[in-house]
Structure formats: structure tokens, C-alpha cells
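**Q** Next up is a structure, given as C-alpha cells.
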Amino acid sequence: GDSGARFDLIVLGGGSGGYAAAFRASELGMRVALVEKDKVGGTCLHYGCIPTKALLHAAEVADSARDSAQLGVKATFEGIDVDGVNKYKDGVVSRLYKGLQGLVKANEVTLIEGEGRLVGPNTVEVDGARYEGRNVVLATGSRSSSLPGLDIDGEKVLSSYEALALDRVPSSVVVLGGGVIGVEFASVWRSFGADVTIVEALPRLVPAEDEAASKVVERTFRKRGITAKTGARFSGVQHTDDGVSVSLENGETVDAEILLVAVGRGPVTDGLGLEDAGVAVDRGFVTTDERLRTSVPGVYAVGDVVHGLQLAHRGFAHGIFVAEDIAGLNPVPIDDAGIPRVTYCDPEVASVGLTEAQAVERLGDDKVETFEYNLAGNGKSQILKTQGFAKLVREKDGPVLGVHLVGARVGELISEAQLIYNWEALPHEVASLIHPHPTQSEALGEAHLALAGKPLHVHG
Amino acid sequence: GDSGARFDLIVLGGGSGGYAAAFRASELGMRVALVEKDKVGGTCLHYGCIPTKALLHAAEVADSARDSAQLGVKATFEGIDVDGVNKYKDGVVSRLYKGLQGLVKANEVTLIEGEGRLVGPNTVEVDGARYEGRNVVLATGSRSSSLPGLDIDGEKVLSSYEALALDRVPSSVVVLGGGVIGVEFASVWRSFGADVTIVEALPRLVPAEDEAASKVVERTFRKRGITAKTGARFSGVQHTDDGVSVSLENGETVDAEILLVAVGRGPVTDGLGLEDAGVAVDRGFVTTDERLRTSVPGVYAVGDVVHGLQLAHRGFAHGIFVAEDIAGLNPVPIDDAGIPRVTYCDPEVASVGLTEAQAVERLGDDKVETFEYNLAGNGKSQILKTQGFAKLVREKDGPVLGVHLVGARVGELISEAQLIYNWEALPHEVASLIHPHPTQSEALGEAHLALAGKPLHVHG
Amino acid sequence: GPAPSPRPAAKPEPKQPAQAQSGDGTPYVTPLVRKLAAEHGVDLSTVTGSGIGGRIRKQDVQAAAEAAKAAPEPS
Ligand SMILES: Cc1cc2nc3c(=O)[nH]c(=O)nc-3n(C[C@H](O)[C@H](O)[C@H](O)COP(=O)(O)OP(=O)(O)OC[C@H]3O[C@@H](n4cnc5c(N)ncnc54)[C@H](O)[C@@H]3O)c2cc1C
Ligand SMILES: Cc1cc2nc3c(=O)[nH]c(=O)nc-3n(C[C@H](O)[C@H](O)[C@H](O)COP(=O)(O)OP(=O)(O)OC[C@H]3O[C@@H](n4cnc5c(N)ncnc54)[C@H](O)[C@@H]3O)c2cc1C
């Protein structure tokens, strides 16, 4: 049909980054093609953000039923109906997928179904047909990585992809990797009743977060009965009759029904024709400048194929940015540090800006001031029976450089912190606005009050 | 002990407004006395915000257990153990009360227990002892009002005060008043299994909110089995053998086990000696200027005794303001419209700034633009199975003038909106910051994207 | 497939924008910067941003305000 057609923009990959670029470009009057070999929505919608967060909510409901007597609510938790959970999860995904397909149509984006390849700086080939694009956006995303010699067999050794399709609650799991995806699955499975052991090579869980956050997550996980082996390096896995036996470099072994490999995700760029087209690549990631331009004029890259935070909303931001850049709107480049990060395990972790360590490294010890507000002082947190904190990192006499939150539901609070960080607010500018009572957002307010030198509900 | 003592500041009433004034004044180096006849923390901590929100959380847990099968979680809801709920609620209150008492000490505020009276512009009398204050802050708060001829008997006809101490879930309730307190209790009791009828004289529930919010609350309440009679005026109540029979002006009667009167709260200023001291009062409320100064120099008023929003955090803001004003810091007066408002029923309602109607009234129809983002497009809202919206009201080509949210847990989102409103952000300034995925806060982001002319996930 | 004639894989010229845009043609500022500029009577279209991609930061406004103060009064 559209073979040989010319477009203003061809987007390769219909995930968060790709479809955002396509929609925004179309709004700006461009003729846009979106090439997708699987399903529009990509990893996030089908195999990532959305299904995992549905599981995490089911886990929250399970825990809340389990602990309901503490609140005077008489309810008995009887277990997990995995088919039911999967139906719920798939129902959410398919409703959103339908909505997204509607948006593709409404935005008059030409969807080309199939695997695309760059066959020239302006030419994409899909199933033998060639399409010309004045500009091309690479948005092919990422896939689970593994360790050398560690094969994902899909039966006993899983990546997140297979884990999401599991038809049972495993009795026991080893989770390899204590980053975002690892702790989220650990949290779900624990709530669903499994024995969970996390193996993380670095000295702490969620190692990209502020150290204080790791401490609370580790402590709470311990209380929840999750075993975390940090500073522990994987050395091998053996299949056993009823599962796997995972061995560590320190000589320990851990037996479990399954092993989840969550050691990171790598870019999907092989076989894409990048080398032939002259698009520079670094360890698989597409090399770009801060305006997301690759080494080939007219070719851009967005989302997980660009080295940095692997987050859906970074993909959205990239996609919008590139479309506006092509349209000549000269948008402001995206500062990765200003993108909020949420880990949806229980307790949730959310942050934006610099960790304390990063700020000290950048400015020096004497230029950095921090304040940690304990959720024990927050009424709503007490009501939710959650523990954690709101920690601020600021430049002395200067703006807030980082905000770090741990506790139930704090992922919803980081959007306020995102404004504070990106608008370079001074603590007193936030402190002058008293937050609604009783909410967890007050913890952020209290921390700003304290840093502004006017603490309200702060215990010494 | 302290009789005859001289203070820089005497605060009359130890609720949210009073203790905030006391703490801030003490931080600023003043010698402060806080006079309280009941318990520090006042209405909010002991009979208001905190206990009601504990009940609402227990209600959420009950509903979540009840509906757990929809998520594949096998749990059976068996009912409410009212003693257990009250223990939980009282536990939260007493922990926070203990913390607050610690803060009184830590701030070196002299707590004078007893009923205080102004006996001169600078003199407060408590149990016969007199105390001199360079300045005095009136912070005596509010109490439930009723209608003429409608007696709160504490048995069958209750105010929120007695309702919080109830030892059972009533089988049926009539709630008189569809404002914040009324809909919150209606929501709790319905979740706990009661038959609930709300009677509201105005044409809609939560009548102070944007009309769109009322519509969603009414629709959701209907689905939850709560009967709302709006535009219905109360005419009288009869005690019956097993409860009350409430009659309306339209001739209808509604029978129930109890009647909750939630028709508003009036200031506590009678018998305070205000008239003798020359402090001007208007229908019981202390008259102040925008700097919260009363008609008598050196006497200020804060919180619910000052006409306007009756909210704990307004009390905090007032208290801090007055202390800073006395200290000569020249703080910026508080704009009531910039104070966020949260109603914690299910679905929650949260807002800041102007409603659409208020904006139109102020600027004219052609100067106001609105956008309503339906939570059906928000992934996290779908996961939570909640319905509602994020609505923005802006001045055409100008800043955001109002933000209105309805849906589960949206109370935590209004603090971001508080910054947007008070910092007079333009929609595109917010739109350039992509919110974390998947959170409900994205709905706010999407609404700003749409108003900035660059919708992302918006269905036509 | 036909190999495309390889173009010189030169790094794209870093086109440093004189002024960052908000996407609708106006200079990119945050509300707090706008407020500060209004307070100090600074015309934002005359300010060069020192932030990422030419963002105008608070310090830029403060510097502009200082410079204006230091400048001799037009006689
Ligand atoms: C388990 C898990 C949980 C996650 N949770 C979160 C979360 O809560 N929040 C968050 O922000 N992020 C989360 N992420 C990360 C998020 O999913 C990614 O950052 C996001 O999907 C990246 O978007 P993208 O558009 O770059 O790539 P992708 O979403 O991976 O999309 C790439 C698309 O390109 C298609 N494609 C690839 N090659 C070709 C080709 N040659 N031709 C045609 N089509 C092609 C693919 O089929 C895919 O649809 C999670 C990821 C995982 C795995
Ligand atoms: C059921 C209910 C739920 C509520 N929920 C919320 C909510 O979720 N969020 C919110 O923001 N607001 C809520 N409120 C409103 C909130 O409680 C009030 O706005 C707040 O308490 C006002 O603070 P205040 O300091 O002005 O007065 P109060 O808290 O009423 O404190 C006044 C204090 O003064 C003392 N006092 C009075 N007279 C004297 C005297 N003569 N001598 C000595 N002491 C005296 C009283 O004992 C009292 O402790 C709720 C109110 C109720 C009733």
C-alpha cells in the first residue's frame, strides 16, 4: 500500500519513545510512519511498566487483606488465584492498548507492521518494501540482558518477560539483581507468598538510589521476610529436579523453584542496519548529542536505545523533544537528572535530582546540606502504617538539588519534587506553601520548612 | 507557678493554628505561653482530621478486601470489628499526640492548662491567674453547628464528635449536610456496611467544589449505594423506637438508626471576653485584616475563628504567619484560594485555586479556558480501578487558575497543583516536565500538555 | 540490499541555541524565574541562559539585575 511512500518522519519502533515522537510530529503537521514489529506500546505497555504495576497493586491488596485485623477490619486472606491476577493484569493492558491504537488512528499516523531496517540515511525497509523519510527516529528500545553463560530458558530461568506470563506463584525464587525490576518482582512474589532471595553484586539494593533509601528498603524487606544477599556475586546455576540451585562466588548456594534474571537491559540495535547507514553506536547504544541527533544528519534516537535512564516517561520526553526539534521549535534539551524515578516495590522509592553522594562529589562536602524527614512524624503515613522518609539535598544557600522518598505510595509525590528540582526552587519558596493535612505530601513540606530554618513538626 | 508571668506571646487555644503560632514564635526567640483547656492538637488531632482519616483508611481496606476477587486476590471480607477500628484510630491519635507534646517541650513553650479569657488587650486569665503578653493570638477554633430546633443529643442525633466515638456500625444513617465532613462520614459508614442517605439543601454534594467534581462524586456514591438527596431541606426529626425519622420540607421522611448533623462549624468565641477587650467580631468570627490583626493592636487571630476555609493547614499557615509578622519578618499574606482542599471520601476530591464558575465570574467567559483529563486514560488509575478526572482552569494565554481532581488517592496530587497555582505557572512550563509513568500524577501532566497544545494520551 | 553510500560519520555540529525555546516560540523560563525577572524588572528576551540548552536560570536573572544596577544611569 504505502510502499515507496515518502514521509516527513519515519519512526522505527512503536514503544513509549517511538509513539510519542510520532504523535507529536503528526500534531505539528508532519506525515508520519510508525514501524512496529510487535505491538504498539512496546515494552512498557505489554511487558513492563503496566503489567508489573498491576501485579504490584494485587500484591498491595493481598497484604492489606492479610494485615486487615490491625485496623479492625475482619477479612481473611486465602491466597492468590493466579489466573484471576493475570486476567486483571491483561485486562488493564488490553484496555490501554485499545486506547493507544485509537490514538494512532486519531493522530493519522501510518502504522507499518513488520520489522524495519535502515537501508540508507533516509530509507527504511519493512518486509521488502522501502519507505523514504525526510527524518528517521530510532526507537527500538531494549531487551533483558543476562550474564555470560547464563541462559534464559523460559522454564526455570526467566527474564521479566517470562515472569510476567507465569501461571503459578512459585514456592521459592532467587532474584538475580537488586535494581528496580528485581526488587519489584521480589516484592510481588513475597506478597503472593513465595520465599524470595535477592542476589545483588553491589553492596546494596536499589544501588542507583541514595544510600538512605537502600537502607530503608533493605530493613523493610528483611521484616517482610525477603532475604537480600548484597555484595554477592553469581557464579552459576544448576537445574535440579524441582528447580534450580544457584551458586555464588563466595561458595554459598541457594535452591529455589525459579531464578529470575534481572541484571539489566541492553539496547535493541543489532541487525538494524545502523553500521551500514553510518549511525555510530557505542556498546549497542546509539550515540547521540544532547539534542538526540545521531552521527547521521536527519537520524535521531530516543528512549532505551539511548544510553541513560531506562524509563518510559524519558521515552515520552525524548519523543516529544525530537518531533519539536525537527519542526524547528528549538525545544530545551532534556536533563536526565530532572527525570523522576520511581521503584514500585513495597515500600516505594521515588527520587529526582542528585543523591547526596552525587551532590557532594559535584559541589564538595561543605557546599551540600541535607535534611531527612522521618515519616514517623507524618499523620497519613502513620495511618497507612508505613515507614520511610523524605530526604532533601540542597546546595547550601541554594536550590534543592535532590529529593528522595521512601514509603508506601510515595511514587505519587515525586511529581511535586520534579517541579521543585527543575524549577530550581529554594527551600523557603516551597516552605511558604503549607501542604494539605493530613497527607503524605506534608512530609515534603515539612522537610522544606526544616531546611528553610522553620521546622514545624520535627522531632530532634 | 507562672502566674503573673510576662510573655512575648500568649496563644489562646492549642489546636493547629495555636500551636503553629507558638512553635514558630518560640523558634524566633519569643517567650511563649500556650493556653489549652482540653488537649494540645485541638479538633484536628483529636476529633477531626486524624481520626476521620483513620476511619477512611479502614474503610478503604474493607472495600479492597471486599473487591479483591476482581484482582485475583482470594480474600473474604467478614465485617467490621468496631472496637478494633477504634483501637487503631485511637492508637494513631495517641502516638501523634505524644509526639506533639514532645514538640511543646522541645520548643520550650509554656503550656498553661485551663480555660483562658481575655481580660484586657494584653492580659489573659486562666483559672484566676493572670498572664501578661506583649502580643496575644486568638486560636480557639470551631465547633459543630446545628440547625434551629435540632438538638444534638449524642445518642441518636450526633455531631462528628460523637460519631467518632460510636461503638457500633449503625445499620442506617441519615447524614445531614453534603459538605466535606458529611460525605466523609457517609463514605466510611457505607464501606462499613450501613445504609446511608445524605440530605443536602444545596443542589449538589461538595457544593464548594467545581461542579464537575460534584457530578463524579454523586455518580460514584450512587454506584456505591449511597442515596443522596440534594436540593432537599430538612424540616424536623422525630425519635422513634429504633432510631430517628427525619422529615424534609418536600414532605418526604427518611428513617434511620441515627442522624449525623454535619451542617457546618461555627467559631468558638463566646465567653472569651472579646467584646470587653474591644475585639471586633462578626457573627462570632473574629474580624481581621489580611495580616490577621484584629481591631485591637497586638491581638491577632488564626485558624477556624477567622472566617474562611476551615482547614488544619490553613491554621498552620496562619500561625506561622502571625509569629513571623510579630517578629518583624514581614511575611506575605496568605491567599485563601492558594490553600489546597482535600475531601477524603471515596472517590477523593482535591482542589486548589478557582473553580470554573469562579474564574468565569472573575474574568468573563471568553477569558477562561478549561481542560478535563479523564482518568480512564491514566494507566495507574486503571490499575486502581478508579474513575475521575484532572481538570484545569486557566486564564486564556495565562497561568493556571484552578486545579480540580477526583479519584482514588488524588489528595496526594494536589500539593503539586498547589505549587503550580501559587507560582502562577503557565501550562507549557508544566508540560515540559514529563511526569513519572505509571502514576496518577501523569493525569495532571497530560492535562497541562493538552492545555499547552501538545496532547499526548488524550482521547477526543 | 543496496549499500547506501556512506556519508562522513561526522558528529553533528553542536548548534548552540542562543536562547532556549519553550516549544511555542517564547523563551523557555520557569515560573520562578519569570517571577524573579518581574521583581527585578529584567526583560527576559535580553538574558542569555547559562543552563542546559540555554535555559535561563535564576542566577542569570540576578546577574542581569546586578548589571543593570551597575550600569550608569542614562543621562
Ligand atoms: C519489567 C519492566 C518494568 C518496567 N517498569 C517501568 C516503570 O514502572 N516505569 C518506567 O518508566 N519504565 C519502566 N520500564 C522501562 C520501560 O518499559 C522502558 O523504558 C520503555 O519501554 C522504553 O521505551 P522505548 O520506546 O525506548 O522502547 P520499547 O518500549 O522497548 O519499544 C521498542 C519497540 O520497538 C519495537 N521494535 C524493535 N525493533 C524493531 C524493528 N527492527 N522494527 C520494528 N519494530 C521494532 C519493539 O517491538 C518495541 O515495541 C520497565 C521495563 C521492564 C522490562
Ligand atoms: C470531623 C472533622 C474532620 C476534619 N478533617 C479535616 C481534614 O482532613 N483536613 C483539614 O485540614 N481539616 C480538617 N478539619 C478541620 C480542622 O480540624 C480545623 O480546621 C482545625 O482544627 C482548626 O484549627 P484551629 O487551631 O483553628 O482550632 P481547633 O483545632 O479547634 O483548636 C482550638 C483549640 O482551642 C481550645 N480552646 C478553645 N477555647 C479555649 C479557651 N477559652 N481556653 C483555652 N483553650 C481553648 C480547644 O480546646 C482546642 O484545642 C476537620 C474537622 C472536623 C470536625
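**Q** Report the residue count in region B:312-336 for those that are farther than 22 Å from B:Gly29 by Cβ and either free of Cβ contacts under 8 Å to residues at least 12 places away in the same chain or under 14 Å from the mean Cα position of the chain (by Cα) (or both). Write out each step before concluding.
**A** Taking region B:312-336 first, the residues farther than 22 Å from B:Gly29 by Cβ are B:312-315, B:333-336.
From what is left, the residues that are either free of Cβ contacts under 8 Å to residues at least 12 places away in the same chain or under 14 Å from the mean Cα position of the chain (by Cα) (or both) are B:312-315, B:336.
Total meeting the criteria: 5.
**Q** Let me confirm something: among A:Ser171, A:Ser191, A:Ser245, which residue is crowded, with 21+ Cβ neighbours inside 10 Å, away from ligand 2 (no atom under 16 Å from the Cβ) and either of a type in the set (Phe, Trp, Tyr) or modelled with pLDDT of 95 or more (or both)?
**A** Details: A:Ser171 fails: crowded, with 21+ Cβ neighbours inside 10 Å; A:Ser245 fails: crowded, with 21+ Cβ neighbours inside 10 Å.
Selected residue: A:Ser191, the only one of A:Ser171, A:Ser191, A:Ser245 that is crowded, with 21+ Cβ neighbours inside 10 Å, away from ligand 2 (no atom under 16 Å from the Cβ) and either of a type in the set (Phe, Trp, Tyr) or modelled with pLDDT of 95 or more (or both).
**Q** Okay, next question. From A:Leu45, A:Leu12, A:Leu56, grab the single residue that is within 15 Å of ligand 1 (Cβ to nearest atom) and open to solvent by less than 10 Å² (accessible area, probe 1.4 Å). Steps first, answer last, please.
**A** Details: A:Leu45 fails: open to solvent by less than 10 Å² (accessible area, probe 1.4 Å); A:Leu56 fails: open to solvent by less than 10 Å² (accessible area, probe 1.4 Å).
Selected residue: A:Leu12, the only one of A:Leu45, A:Leu12, A:Leu56 that is within 15 Å of ligand 1 (Cβ to nearest atom) and open to solvent by less than 10 Å² (accessible area, probe 1.4 Å).
**Q** Among the residues of region B:427-443, how many are over 16 Å from A:Arg314 (Cα atoms) and either of a type in the set (Ser, Thr, Tyr) or more than 7 Å from every other protein chain (Cβ to nearest Cβ) (or both)? Show your work before the answer.
**A** Step one: list which residues in region B:427-443 are over 16 Å from A:Arg314 (Cα atoms), which gives B:427-429, B:440, B:443.
The next check asks that each one be either of a type in the set (Ser, Thr, Tyr) or more than 7 Å from every other protein chain (Cβ to nearest Cβ) (or both); those that pass are B:427, B:443.
Of the residues in that region, 2 qualify.
Here is a yes/no grid of residues against (1) part of a helix (DSSP H, G or I); (2) more than 9 Å from chain A (Cβ to nearest Cβ); (3) in contact with a strand residue (DSSP E or B) (Cβ under 9 Å, 6 or more places away or on another chain):
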residue	(1), (2), (3)
B:Lys53	yes, no, no
B:Ala59	yes, no, yes
B:Ala65	yes, no, yes
B:Ala75	no, no, yes
B:Gly79	no, no, yes
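**Q** I would also like to ask the following. Hey, can you tell me all the residues within region A:432-446 that are within 19 Å of A:Arg394 (Cα to Cα) and hydroxyl-bearing (Ser, Thr, Tyr)?
**A** Taking region A:432-446 first, the residues within 19 Å of A:Arg394 (Cα to Cα) are A:432-433, A:441-446.
Once the filter is applied, which keeps residues that are within 19 Å of A:Arg394 (Cα to Cα) and hydroxyl-bearing (Ser, Thr, Tyr), region A:432-446 yields A:Ser432, A:Ser441.
**Q** On to the next question. Spot the failing condition for A:Leu363; the list is (1) more than 23 Å from C:Gly51 (Cα to Cα); (2) out of contact with any Cys (no Cβ under 6 Å at 6 or more places or on another chain); (3) of a type in the set (A, V, I, L, M), and only one is missed.
**A** That leaves (1) as the condition not met.
**Q** Right, here's the next one. For region B:316-337, how many residues are more than 16 Å from ligand 2 (Cβ to nearest atom) and under 23 Å from B:Ile420 (Cβ atoms)?
**A** Of all residues in region B:316-337, those more than 16 Å from ligand 2 (Cβ to nearest atom) come to B:324-333, B:335.
Checking which are under 23 Å from B:Ile420 (Cβ atoms) leaves us with B:331-333, B:335.
Summing the residues that are more than 16 Å from ligand 2 (Cβ to nearest atom) and under 23 Å from B:Ile420 (Cβ atoms) in region B:316-337 gives 4.
**Q** State all residues of region B:23-51 that are in a helix (DSSP H, G or I) and within 11 Å of ligand 2 (Cβ to nearest atom); if no residue qualifies, say none.
**A** The initial filter retains those residues of region B:23-51 that are in a helix (DSSP H, G or I), namely B:23-27, B:42-47, B:49-51.
Listed by number, the residues that qualify are B:Gly42, B:Thr43, B:Cys44, B:Leu45, B:His46, B:Tyr47, B:Cys49, B:Ile50, B:Pro51.
**Q** While we're on this one: I need the full set of residues from region B:71-81 which are surrounded by fewer than 15 Cβ atoms within 10 Å (Cβ to Cβ) and either of a type outside the set (Gly, Ala, Ser) or without any contact (Cβ under 8 Å) to a residue 60 or more places away in the chain (or both), in order please.
**A** Taking region B:71-81 as the starting set, the residues that turn out to be surrounded by fewer than 15 Cβ atoms within 10 Å (Cβ to Cβ) are B:76, B:78-79.
Matches in region B:71-81: B:Thr76, B:Glu78.
**Q** Shifting gears a bit: Select from region A:330-346 the residues that are within 14 Å of chain C (Cβ to nearest Cβ) and of a type in the set (A, V, I, L, M) and write down the one among them that is farthest from ligand 1 (Cβ to nearest atom). So that I can check it myself, show each step before the final result.
**A** Start the filter on region A:330-346 by keeping residues that are within 14 Å of chain C (Cβ to nearest Cβ), which leaves A:330-339.
Restricting the remaining residues to those that are of a type in the set (A, V, I, L, M) gives A:332, A:334, A:337, A:339.
Details: A:Val332: 20, A:Ile334: 14, A:Ala337: 16, A:Ile339: 9 Å.
Per the criteria, the residue is A:Val332.
**Q** Only one residue in B:Gly353, B:Gly298, B:Gly303 is more than 13 Å from ligand 2 (Cβ to nearest atom), buried (at least 22 other Cβ atoms within 10 Å of the Cβ), on the phi > 0 side of the Ramachandran plot and touching a residue at least 24 places away in the same chain (Cβ under 8 Å). Which one? I'd like the intermediate steps shown before the answer.
**A** Numbers: B:Gly298 fails: buried (at least 22 other Cβ atoms within 10 Å of the Cβ); B:Gly303 fails: more than 13 Å from ligand 2 (Cβ to nearest atom).
Among B:Gly353, B:Gly298, B:Gly303, only B:Gly353 is more than 13 Å from ligand 2 (Cβ to nearest atom), buried (at least 22 other Cβ atoms within 10 Å of the Cβ), on the phi > 0 side of the Ramachandran plot and touching a residue at least 24 places away in the same chain (Cβ under 8 Å).
**Q** What is the one condition in (1) within 14 Å of chain C (Cβ to nearest Cβ); (2) part of a strand (DSSP E or B); (3) of a type outside the set (Gly, Ala, Ser) that A:Val246 does not satisfy?
**A** (1)
**Q** What do you reckon, is A:Thr110 modelled with pLDDT of 95 or more, open to solvent by 10 Å² or more (accessible area, probe 1.4 Å) and away from chain B (no Cβ under 14 Å)? Can you show your working first?
**A** Working: modelled with pLDDT of 95 or more: yes; open to solvent by 10 Å² or more (accessible area, probe 1.4 Å): yes; away from chain B (no Cβ under 14 Å): yes.
Taking the combined requirement at face value, the residue satisfies it.
**Q** Mind checking which residues of region A:389-410 are within 14 Å of chain B (Cβ to nearest Cβ) and farther than 22 Å from A:Gly453 by Cα?
**A** A:Gly407, A:Ala408, A:Arg409, A:Val410
**Q** Going by the structure shown, is B:Arg6 basic (Lys, Arg) and either within 16 Å of ligand 2 (Cβ to nearest atom) or farther than 17 Å from B:Gly133 by Cβ (or both)? If you could, list the steps in order and put the result at the bottom.
**A** On the way: basic (Lys, Arg): yes; either within 16 Å of ligand 2 (Cβ to nearest atom) or farther than 17 Å from B:Gly133 by Cβ (or both): no.
No.
One line per residue, one yes/no per condition, for (1) modelled with pLDDT under 95; (2) closer than 22 Å to B:Ile420 by Cβ; (3) open to solvent by 10 Å² or more (accessible area, probe 1.4 Å); (4) within 11 Å of chain B (Cβ to nearest Cβ):
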residue: A:Phe371; (1), (2), (3), (4): no, no, yes, no
residue: A:Asn374; (1), (2), (3), (4): no, no, yes, yes
residue: A:Leu384; (1), (2), (3), (4): no, no, yes, yes
residue: A:Glu412; (1), (2), (3), (4): no, yes, yes, yes
residue: A:Ile420; (1), (2), (3), (4): no, yes, no, yes
residue: A:Glu446; (1), (2), (3), (4): no, yes, yes, yes
residue: A:Val458; (1), (2), (3), (4): yes, no, yes, yes
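**Q** Looking at B:Ser142, B:Ser146, can you tell me which residue is out of contact with any Lys or Arg (no Cβ under 6 Å at 6 or more places or on another chain), among the polar types (S, T, N, Q) and more than 16 Å from ligand 1 (Cβ to nearest atom)? Please lay out each step first, then the result.
**A** On the way: B:Ser142 fails: out of contact with any Lys or Arg (no Cβ under 6 Å at 6 or more places or on another chain).
Matching residue, one of B:Ser142, B:Ser146: B:Ser146.
**Q** Those residues that are of a type in the set (A, V, I, L, M), open to solvent by 10 Å² or more (accessible area, probe 1.4 Å) and out of contact with any Leu (no Cβ under 7 Å at 6 or more places or on another chain), I need them from region B:422-444; list them, please.
**A** Taking region B:422-444 first, the residues of a type in the set (A, V, I, L, M) are B:425-426, B:430-431, B:433-434, B:443-444.
Next cut, open to solvent by 10 Å² or more (accessible area, probe 1.4 Å) only: B:426, B:433-434.
Within region B:422-444, B:Leu426, B:Ile434 qualify.
**Q** Considering region A:27-39 alone, what residues qualify as being near ligand 1 (Cβ under 7 Å from one of its atoms) and either within 16 Å of A:Val136 (Cα to Cα) or open to solvent by less than 20 Å² (accessible area, probe 1.4 Å) (or both)? Outline the logic, then answer.
**A** Residues of region A:27-39 that are near ligand 1 (Cβ under 7 Å from one of its atoms), as a first pass: A:35-39.
The answer is A:Val35, A:Glu36.
**Q** Looking at (1) more than 8 Å from every other protein chain (Cβ to nearest Cβ); (2) buried (at least 23 other Cβ atoms within 10 Å of the Cβ); (3) not hydrophobic (A, V, I, L, M, F, W, C), which one does B:Ser94 not meet, given that it meets all the others?
**A** It is condition (2) that B:Ser94 fails.
**Q** If B:Arg222 passes every condition in (1) at positive phi; (2) without any contact (Cβ under 8 Å) to a residue 12 or more places away in the chain but one, which one does it miss?
**A** Every listed condition holds for B:Arg222 apart from (1).
**Q** Assuming A:Lys454 fulfils every condition listed in (1) of a type in the set (D, E, K, R); (2) open to solvent by less than 20 Å² (accessible area, probe 1.4 Å); (3) facing chain B (nearest Cβ under 7 Å) apart from one, which condition is it?
**A** (2)
**Q** To continue, here is another question. Might you check whether a residue that is open to solvent by less than 40 Å² (accessible area, probe 1.4 Å), of a type in the set (S, T, N, Q) and within 14 Å of ligand 2 (Cβ to nearest atom) occurs anywhere in region B:132-140?
**A** yes
**Q** Now for a separate question. Give the residue, chosen from B:Tyr97, B:Tyr19, that is touching a His at 6+ places or on another chain (Cβ under 8 Å) and assigned to a helix (DSSP H, G or I).
**A** Working: B:Tyr19 fails: touching a His at 6+ places or on another chain (Cβ under 8 Å).
Of B:Tyr97, B:Tyr19, the one residue that is touching a His at 6+ places or on another chain (Cβ under 8 Å) and assigned to a helix (DSSP H, G or I) is B:Tyr97.
**Q** Right, next: Looking at region B:215-233, which of its residues are crowded, with 21+ Cβ neighbours inside 10 Å and more than 24 Å from B:Asp67 (Cβ to Cβ)?
**A** B:Ala232
**Q** Look through B:Ala208, B:Ala212 and report the one residue that is surrounded by fewer than 19 Cβ atoms within 10 Å (Cβ to Cβ), within 16 Å of ligand 2 (Cβ to nearest atom), over 23 Å from B:Val61 (Cβ atoms) and more than 14 Å from chain A (Cβ to nearest Cβ).
**A** Details: B:Ala212 fails: within 16 Å of ligand 2 (Cβ to nearest atom).
Just one listed residue meets the conditions, B:Ala208.
The values are calculated or read from the model by the stated rules, or taken from the named source; none is laboratory data. Everything quoted here is computed from the prediction, not taken from an experiment. So basically every Cβ, Gly included, is an ideal-geometry build from the backbone, and we count neighbours across all protein chains shown. Side chains included, ligands, DNA and RNA excluded: accessible areas come from the protein's heavy atoms. Shrake-Rupley method; radii C 1.70, N 1.55, O 1.52, S 1.80 Å.
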